[in-house]
Amino acid sequence: MTSSPSSDDHARDGRSREGRARGHDQAPGDLPRDGEPQDDERVTEDLARDDQRSEPRAVIPGDQARASVTVRVPVEDAFRIFTEEIDQWWRRGLRYRVSGKHRGMLYLEPQVGGNLYETFETKSGPRIVRTGTVLRWEPPHRIVFEWRAVNFAPDEKTEVDVQFEPIGEKTLVTVTHRGWSKIRPDHPARHRQSVQPFLRMMGMWWGDLLTSLRLHAEP
């Protein structure tokens, strides 16, 4: 699984679609506006605050990207689909998976200490790539896991916090990807982008994935 797409990829296929989840970095006013969100989609407007259901956490400037989408299923189903069916809704291709053009599978082990990993076949045989480890497992409201890009050094990591908020028979799913302030400015994972453009790109990347989750989950 890759951790960050190139900005050219987004320019090619991400701006003409409607009905997609919306991603925000820490400068939401700078985001491209390609259409107003539909009624079932909401955008997190304030990235200077964590969700009220989380423990207090000081947000470091340039540290996190966030995206959210409202899915028309109950919260228990949204959590189950996100975790148990992750390989079915997670997009394919090199921009989203390490396997790229190879047929692979994505797994999330349902427990604290469980792994998020991808398996696929190569010419030299099967390969397993571990992206991270589950840090918090709180069904059906929250899951937090460590996230490591394939080009991270052993001591480099970020954190993905996924929260599920019931809204009647619907669920607001919010992904916050934090820890980027600890990744050096010239790291290859940043694709030569400065802080705000990179976070905006990451917010859009997660927004694309959450759109896929919504399309897969809704009847």
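Some observations on this one:
- Of all the listed residues (132, 114, 207), the sole one being touching a residue at least 60 places away in the same chain (Cβ under 8 Å), surrounded by 15 or more Cβ atoms within 10 Å (Cβ to Cβ), in contact with a strand residue (DSSP E or B) (Cβ under 9 Å, 6 or more places away or on another chain) and not aliphatic (A, V, I, L, M) is 207.
- Some residue of the range 108-117 being more than 17 Å from residue 160 (Cβ to Cβ) and over 15 Å from the mean Cα position of the chain (by Cα): no
- Any chance residue 80 is surrounded by 13 or more Cβ atoms within 10 Å (Cβ to Cβ), modelled with pLDDT of 95 or more, out of contact with any strand residue (DSSP E or B) (no Cβ under 8 Å at 6 or more places or on another chain) and over 30 Å from residue 122 (Cα atoms): yes
- Exactly one residue among 146, 169, 156 is touching a residue at least 60 places away in the same chain (Cβ under 8 Å) and over 17 Å from residue 212 (Cα atoms), and that residue is 169.
- All of 171, 176, 133 fail the test of being in contact with a Phe, Trp or Tyr (Cβ under 6 Å, 6 or more places away or on another chain), of a type in the set (Ser, Thr, Tyr) and assigned to a strand (DSSP E or B), apart from 171.
- Residue identified as surrounded by fewer than 16 Cβ atoms within 10 Å (Cβ to Cβ) and either part of a strand (DSSP E or B) or at pLDDT 95 or above (or both) among 52, 88: 88
- A Cβ distance below 9 Å, combined with a sequence gap of six or more or placement on separate chains, defines the contacts here; from the range 74-101, residues that are within 16 Å of residue 114 (Cβ to Cβ) reach residues that are of a type in the set (Ser, Thr, Tyr) in the pairs 79/171; 86/107; 87/107.
- Where residue 3 falls short, out of the listed (1) at pLDDT below 50; (2) of a type outside the set (A, V, I, L, M, F, W, C); (3) in a helix (DSSP H, G or I): (3)
- Residue in the range 144-166 that is assigned to a strand (DSSP E or B), over 23 Å from residue 203 (Cα atoms) and out of contact with any Lys or Arg (no Cβ under 9 Å at 6 or more places or on another chain) present: no
- Here the condition is being among the basic types (Lys, Arg), touching a Gly at 6+ places or on another chain (Cβ under 8 Å) and not in a loop (DSSP other than H, G, I, E, B); of 127, 66, 80, it holds for 66 alone.
The values are calculated or read from the model by the stated rules, or taken from the named source; none is laboratory data. Just so it is clear, the structure is predicted and the values come from calculations on it, not from any experiment. No Cβ is skipped: glycine too gets one built from the backbone with ideal geometry, and neighbour counts run over all protein chains shown.
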